[in-house]
Amino acid sequence: WLDLSTGINPVPYAVGEVSPGSWQSLPDRAATDDLIDAARSFWSVPEGAVIVQAPGASAIIARLPYMTPQGGRAHVPGPTYNEHEAALVASGRWTVSADDPDADLRIHVHPNNPDGRFADPMAFRRADLIVIDESFCDVCPAKSLVKHASRPGVIILKSFGKFWGLAGLRLGFAIGHPDTLLAPDGRRNLAELLGPWPVPGPALAVGARALRDVDWAAKTRLRLASDAIRLDALLSAAGAEVVGGTDLFRLYDVPSASEWRERLARHQIWSRIFPYSQSWLRLGLPAPDRWQQIEEALA
């Protein structure tokens, strides 16, 4: 099977050797600081912001509903990544709306999943807490809103698994003002919510190494952009219309998304469709040696 239902880089970063000590000992402060320094440099994090590492962005999303002393009204414009609303609802502390200009909490996926649209920075003037999920923004770093991370009440989320193709490493980051992420009272301390040693030693080592490999990142962006164009050409020739996406996943409009998914599945290709649309089909990018499988399925 060729799984194109995700938006994960199909050519992952080569992790290389990991020292035995990273496996045998609890993560130490030096390894953590090394990762944070690499992240600060790679994302050009402003001086007034701090970085909290976590076992994946999803671990942060699950704890965001508890970052304030009490809940309230949350604005999550959709359609978007459904785990944000799911975490808020599961907490029992928030009521969620897709259109609430006066909400206490605003969450924007930037670029959005699945349509790739970008958030409006001017909208961030409202709400007590603003979360900007940049899990897919490493393919377009110029669009990043990390410069806003030094403003109190703003949290930028970063996911390591998508762009570097290492989802199994479980590594994510929250970037924000110290009063927002680390306040001892008022807002809940995100680091405390995550508990001690949230990121294992091997993930600290591999993450720091990858974040410093800027040449790999630059070459990967070029390859992903080229592959996204190639996939669009194949789907367009087969009758699909490109309606959005990023260089890690593409979104198409087709006459019947369920029929297209079945058609691809007959060729052992798995795709993503959505309960709120009968015509949207999302595809990730294939590995270099799997293009023929897609071409034959669409022939």
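Below, the figures for the structure above:
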| item | result |
| --- | --- |
| Failed item, numbered, when ALA217 is tested on (1) open to solvent by 60 Å² or more (accessible area, probe 1.4 Å); (2) within 20 Å of the chain's Cα centre (by Cα) | (1) |
| Within the range 243-263, tally of residues that are within 26 Å of the chain's Cα centre (by Cα), touching a residue at least 24 places away in the same chain (Cβ under 8 Å) and either within 15 Å of SER5 (Cα to Cα) or open to solvent by 20 Å² or more (accessible area, probe 1.4 Å) (or both) | 11 |
| Set ALA98, ALA127, ALA90: member being within 21 Å of THR68 (Cβ to Cβ), of a type in the set (A, V, I, L, M, F, W, C) and at pLDDT 95 or above | ALA90 |
| Yes/no for PRO152 being within 18 Å of ILE36 (Cα to Cα), open to solvent by 10 Å² or more (accessible area, probe 1.4 Å) and out of contact with any Lys or Arg (no Cβ under 8 Å at 6 or more places or on another chain) | no |
| Spans of helices (runs of 4 or more DSSP H) in the range 165-212 with at least 2 residues open to solvent by less than 10 Å² (accessible area, probe 1.4 Å) and out of contact with any Asp or Glu (no Cβ under 7 Å at 6 or more places or on another chain) | 178-181, 201-211 |
| Filter pass, PRO27 being assigned to a loop (DSSP other than H, G, I, E, B), under 18 Å from ILE132 (Cβ atoms), in contact (Cβ under 8 Å) with a residue 24 or more places away in the chain and of a type outside the set (Ser, Thr, Tyr) | no |
| Where ALA218 falls short, out of the listed (1) farther than 18 Å from ASP37 by Cα; (2) modelled with pLDDT under 95 | (2) |
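The values are calculated or read from the model by the stated rules, or taken from the named source; none is laboratory data. The shown structure was predicted, so the numbers you read here are calculated from the model rather than taken from an experiment. Backbone-built Cβ (ideal geometry, glycine too); neighbour counts: all protein chains shown. Accessible surface areas use protein heavy atoms only, side chains included; no ligands, DNA or RNA. Shrake-Rupley method; radii C 1.70, N 1.55, O 1.52, S 1.80 Å.
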